[in-house]
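The values are calculated or read from the model by the stated rules, or taken from the named source; none is laboratory data. Owing to the predicted nature of the structure, the values given are computational and were not obtained by experimental measurement. Glycine gets a Cβ as well: all are built from the backbone with ideal geometry, and neighbour counts include every protein chain shown.
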Amino acid sequence: MSAQIENRIRDSFARQSMMQTLGATLADIAKGKVEITAPILDGSRQQQGVAHAGLTFAIGDSAAGYSALTLIPEGMEVMTTEMKINLLAPGAGDHLVARGRVIKPGRRLMVVQSDIFAVTDGAERHIAMMVGTMIPVDL
């Protein structure tokens, strides 16, 4: 993947105040794939002390969206048109990792997927999976 595309993804991610609020960072960018990590901060926990599903959804959605953005032409962005999440286990750990990828690229719609893991002392536990659709839009 070109440095130009990677810079485009990083610049777009830097403009997402929600990701900044959550402490999320881009961990990896490849053609059709993006990985985002986020700490489980006190402000992003639910009442039982584990990561809130909103944190899980937010980084999973962004990882899927940015995986789609790696494949579309310059001068366009993507937006989520629909997203389904299956919560598989509590988000107990030190931080979360969302790995997004493109399942089916298209000019009008792109099918994407994210798998989200809770990480404790380097060990990953699969806590959620998401499948959705992104739409390319003009800037």
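Brief remarks on what is shown
- So GLY93, is it in contact with a strand residue (DSSP E or B) (Cβ under 8 Å, 6 or more places away or on another chain), over 24 Å from VAL111 (Cα atoms) and outside any helix (DSSP H, G or I): yes
- Considering the stretch 1-46, the residues that are in contact (Cβ under 8 Å) with a residue 60 or more places away in the chain and in contact with a Phe, Trp or Tyr (Cβ under 7 Å, 6 or more places away or on another chain) include one that is nearest to LEU69 (Cα to Cα), namely ILE9.
- No other residue among VAL111, VAL78, VAL119 is farther than 22 Å from LEU22 by Cα and touching a residue at least 12 places away in the same chain (Cβ under 8 Å) apart from VAL111.
- Among the residues making up the stretch 13-33, a single one is basic (Lys, Arg) and part of a strand (DSSP E or B): LYS33.
- Residue list for the stretch 1-47, filter: buried (at least 16 other Cβ atoms within 10 Å of the Cβ), at pLDDT 95 or above and among the hydrophobic types (A, V, I, L, M, F, W, C): ILE9, PHE13, MET19, LEU22, ALA24, LEU26, ILE29, VAL34, ILE36, ALA38, ILE40
- Considering the stretch 111-139, the residues that are over 16 Å from the mean Cα position of the chain (by Cα) and assigned to a strand (DSSP E or B) include one that is farthest from LEU87 (Cα to Cα), namely ASP138.
- All of ALA63, ALA98 fail the test of being of a type in the set (A, V, I, L, M), touching a helix residue (DSSP H, G or I) at 6+ places or on another chain (Cβ under 6 Å), touching a residue at least 40 places away in the same chain (Cβ under 8 Å) and not in a loop (DSSP other than H, G, I, E, B), apart from ALA98.
- Any hit, the stretch 77-87, residues being within 14 Å of the chain's Cα centre (by Cα), acidic (Asp, Glu) and under 19 Å from ALA30 (Cα atoms): no
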